1. How many residues, within the range 173-212, are more than 27 Å from Phe97 (Cα to Cα) and either assigned to a helix (DSSP H, G or I) or of a type in the set (D, E, K, R) (or both)?
2. Would you please name the residue that is nearest to the chain's Cα centre (by Cα), looking only at residues in the range 99-130 that are among the polar types (S, T, N, Q) and within 20 Å of His263 (Cα to Cα)?
3. Of all the residues that make up the range 414-431, how many are at pLDDT 85 or above and either farther than 30 Å from Ile308 by Cα or in a loop (DSSP other than H, G, I, E, B) (or both)?
4. Working only within the range 125-168, note down all residues that are touching a residue at least 40 places away in the same chain (Cβ under 8 Å) and assigned to a helix (DSSP H, G or I).
5. Collect the residues in the range 140-156 that are surrounded by 14 or more Cβ atoms within 10 Å (Cβ to Cβ) and closer than 25 Å to Ser109 by Cβ, keeping them in residue-number order.
6. Does Phe200 meet the test of being aromatic (Phe, Trp, Tyr) and more than 22 Å from Lys108 (Cα to Cα)?
7. Among Ala250, Ala277, which is out of contact with any His (no Cβ under 6 Å at 6 or more places or on another chain), of a type in the set (Gly, Ala, Ser), touching a residue at least 12 places away in the same chain (Cβ under 8 Å) and surrounded by 20 or more Cβ atoms within 10 Å (Cβ to Cβ)?
8. Given the conditions (1) farther than 25 Å from Asp398 by Cβ; (2) surrounded by fewer than 20 Cβ atoms within 10 Å (Cβ to Cβ); (3) touching a strand residue (DSSP E or B) at 6+ places or on another chain (Cβ under 8 Å), report the number of the one that Ala172 does not fulfil.
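The values are calculated or read from the model by the stated rules, or taken from the named source; none is laboratory data. Since the model is a prediction, treat every value here as computed from it, not as a measurement. Here the Cβ positions follow ideal geometry from the backbone for every residue, glycine too, while neighbour counts run over all protein chains shown.
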Amino acid sequence: MLARSEKRPGGTAPTSGSWSEETDGGVATIGVSRGTRAGAGAGPVVIEARGVAKSFRIPEYRVDTLKERVSHPFRRSEYRELCALQNISFDVHQGEFFGIVGRNGSGKSTLLKILASIYRPDAGKVRMAGRVAPFIELGVGFNPEMTARENVVLNGVLFGLSRRDAQSRLDAVLDFAELRDFVDLKIKNYSSGMMVRLAFAIMVQADADIMLIDEVLAVGDAAFAQKCMDVFHERREAGKTIVLVTHDMATVQSLCHRAMVIHDGELEYIGDPEDAALHYYRLNFAHEPAADGDGVMAPDNDSVAVEINGRAVQARLLDEAGRPIANVEQGVPLVLDVVIEAARELEKPVFVVHVLNDDHVVVFGFTRRLDELVAQGQRVRLAGEIENRLVPGRYAIDCWIRRDRGFGDMRVQGLRLIHFGVYGTAPRHGIVSLRTNVEPALEPAPDE
């Protein structure tokens, strides 16, 4: 058992906030992979988990009716034990964006509920420094018989705000969730999408020290998902601590400082997000390994394998003065500045850049090949102007790093690089605005 005065992994002890602690149990140490991203592990530890374990008893035979009880009065209930988590140990530092990934049923959500004090661990301990705002299951914390106005205040108080503070943030919550017209409607009449928007808005406005977010964000529509991504980027830049459970490896690679892979309740890997993504792919497609063992075969293409070829060290759009920007005026060229570090030796790598809209539709793309041998750890810069024919809206830029091995055999990796907006007043028709040379003209009258 670790005493509070002992030094913790990472070389720092918590210096702010109050620690909350779950039940004690065995302590285990976890080895960390090769170097993590800049910014990870720089602050004090705000989440500490040691030897966390959790099991559930599942009945083999259920007695659901009075007739069954009368017919079999002496039948003993038999249970089987489901081990959801075994000996999970990790630290999360202040200001870190930490991802938790794994297949369905691996124990990710159970771990998040333990962090949120919804479940108590059977063994081990969890310590949290600071105010926590969980966003875990649809409808948790809501009273269905109360209106949205009342539930906002109730949840704000549950997140540690005073009643006055919670009431003062009502307008901001309703504006973010776009539910002002339904503020006096009972929650039981809300759709699942409306409930997700309201719950996420409350969590954002609570401005807690630690945000715990489960994959229920998938319930929202594309516009709401983009708004959530904007919040993630803002909070990441502001140095907030976020723990995210997700199946979206592009989000893990683009946002997370570190990521953890859980498989069958056990900690499979913790460290670099790109390596965590590859572990996740291997767990999902373990029956289809690449012939050389470096990648994982894509399930719908026998000639393509997913592997980790590099990571984005820097990705931004620039204005005319060379300053980073998040929004671009319609018609103004997109000035791209991306630096990618090779995770392995790449011979003549190919970079495929896609621009996607809010609906995840590829609007356009281009391909560039570097006819050089890129050593492991060497960096490649993708920079230049892109003609901007996009209509106003929200967009993302992806980059697929590909290495061709001959005879149609490819190794690819996708990276989510940038989220940005296009603004303007021109009428929006379709998804791009093209130059045309088509003009109306009167036809001369036919000769009679």
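1. Going residue by residue through the range 173-212, those that are more than 27 Å from Phe97 (Cα to Cα) are 179-191.
Next cut, either assigned to a helix (DSSP H, G or I) or of a type in the set (D, E, K, R) (or both) only: 180-182, 184, 186-189.
Residues meeting the conditions: 8.
2. Here is the first cut: in the range 99-130, the ones among the polar types (S, T, N, Q) are 104, 106, 109-110, 117.
After this cut, where a residue has to be within 20 Å of His263 (Cα to Cα) as well, the list is 104, 106, 109-110.
Details: Asn104: 16, Ser106: 17, Ser109: 14, Thr110: 17 Å.
Looking at residues that are among the polar types (S, T, N, Q) and within 20 Å of His263 (Cα to Cα), I get Ser109.
3. Number of matching residues: 3.
4. Listed by number, the residues that qualify are Ala148, Asn151, Val152, Asn155, Gly156.
5. In the first step, residues of the range 140-156 are kept if they are surrounded by 14 or more Cβ atoms within 10 Å (Cβ to Cβ); the result is 140-143, 146-156.
Within the range 140-156, Val140, Gly141, Phe142, Asn143, Asn151, Val152, Leu154, Asn155, Gly156 qualify.
6. Values: aromatic (Phe, Trp, Tyr): yes; more than 22 Å from Lys108 (Cα to Cα): no.
Judged against the criteria, Phe200 is not a match.
7. On the way: Ala250 fails: surrounded by 20 or more Cβ atoms within 10 Å (Cβ to Cβ).
Checking each option against the conditions leaves just Ala277.
8. The one condition Ala172 does not meet is (3).
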